[in-house]
Amino acid sequence: MFDRQSHLDLFSTFDLPVIGLTAECRCRDFVTPAKARGWPPFALLLHGIARASLDLEHFRHRLHGGEVHRVERLTVGYTVVGAGDHLNFSNVPYSPDFREFLERYLADREEARRAPVLRVAPEHGPDIIYVTCVPWLRFTSVQHPSAGQEDCSIPRFAVGQFAGAGAEVAFPFSVQAHHGLVDGLHIYRMFARLAEVMAESAEEMEKG
């Protein structure tokens, strides 16, 4: 039995049933070793966000067809700057193997950048997360668009400008989710787990 049914019943009566928090995320420096390998640091972070969301049970839950659905596989939808400096979307199936994920990321990113019109996401059901990247700003809040209860149940993340601080890298990080499924405590755990995942990635790169 879903153990947050009373929370879900309450917040599902709201017009905007979301909770969103933005704070600085501080991680072990993954940018320097990623660049040394010729890997886009954002791709590594995108992979880390997906992995962390799957590691946390509350971020696996979605509303789908009037029921609570648990995510078993994941597509990562994220924004790119496309033709004419307009927003476009790239959608990458998640793989635990970063190199496999990176290959998919690079291929679809280029398609999204060249597309003459806004790409409509392929059918994915609820098994997706959305990530917005705003690398030009160290923002302090973000408001994501959403449509309806089920759409609100898809977690949305935003990443801002990286800043180096010794052995660390820091960036604004925003997390938005359906409050019937996620509380502030669980968002804190997302920050903490992401920092752990990125530290593991940095260690693996440094080991070669």
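The values are calculated or read from the model by the stated rules, or taken from the named source; none is laboratory data. These numbers were taken from a predicted model, which means no experiment stands behind them. Glycine gets a Cβ as well: all are built from the backbone with ideal geometry, and neighbour counts include every protein chain shown.
Just a few scattered comments:
- Residue in segment 172-181 that is among the hydroxyl-bearing types (Ser, Thr, Tyr), buried (at least 19 other Cβ atoms within 10 Å of the Cβ), more than 23 Å from Pro17 (Cα to Cα) and modelled with pLDDT of 95 or more present: no
- Among the residues of segment 109-135, those identified as surrounded by 12 or more Cβ atoms within 10 Å (Cβ to Cβ), in a helix (DSSP H, G or I) and out of contact with any Ser or Thr (no Cβ under 6 Å at 6 or more places or on another chain) are Glu110, Glu111, Arg113.
- Residue list for segment 143-162, restricted to those being at pLDDT 95 or above and aliphatic (A, V, I, L, M): Ile154, Ala158, Val159
- Selection from segment 151-165 of residues that are more than 26 Å from Gln5 (Cβ to Cβ), touching a residue at least 60 places away in the same chain (Cβ under 8 Å) and part of a loop (DSSP other than H, G, I, E, B): Phe162
- Annotation note: of Leu10, Leu46, Leu106, the sole residue that is part of a helix (DSSP H, G or I), closer than 22 Å to Glu196 by Cβ and in contact (Cβ under 8 Å) with a residue 60 or more places away in the chain is Leu46.
- Test for Tyr94: is it at pLDDT 95 or above, in contact with a Gly (Cβ under 8 Å, 6 or more places away or on another chain) and either of a type in the set (Val, Ile, Thr) or under 21 Å from Phe59 (Cβ atoms) (or both): no
- The lone criterion from (1) surrounded by 22 or more Cβ atoms within 10 Å (Cβ to Cβ); (2) closer than 26 Å to Arg99 by Cβ left unmet by Trp39 is number (1).
- Scanning segment 65-87 for residues that are outside any loop (DSSP other than H, G, I, E, B) and surrounded by 16 or more Cβ atoms within 10 Å (Cβ to Cβ) returns Val68, His69, Thr75, Val76, Gly77, Tyr78, Thr79, Val80.
- Residues within segment 172-208 that are more than 14 Å from the chain's Cα centre (by Cα) and in a strand (DSSP E or B), tallied: 1
- Restricting the first member to segment 194-208 and to residues that are over 14 Å from Asp97 (Cα atoms), and the second to residues that are part of a loop (DSSP other than H, G, I, E, B), the beta-carbon pairs closer than 7 Å and six or more apart or on different chains are Met198/Phe30; Ala202/Asp29; Ala202/Phe30.
- Test set (1) over 14 Å from the mean Cα position of the chain (by Cα); (2) without any contact (Cβ under 8 Å) to a residue 40 or more places away in the chain - Val68 fails condition number: (2)
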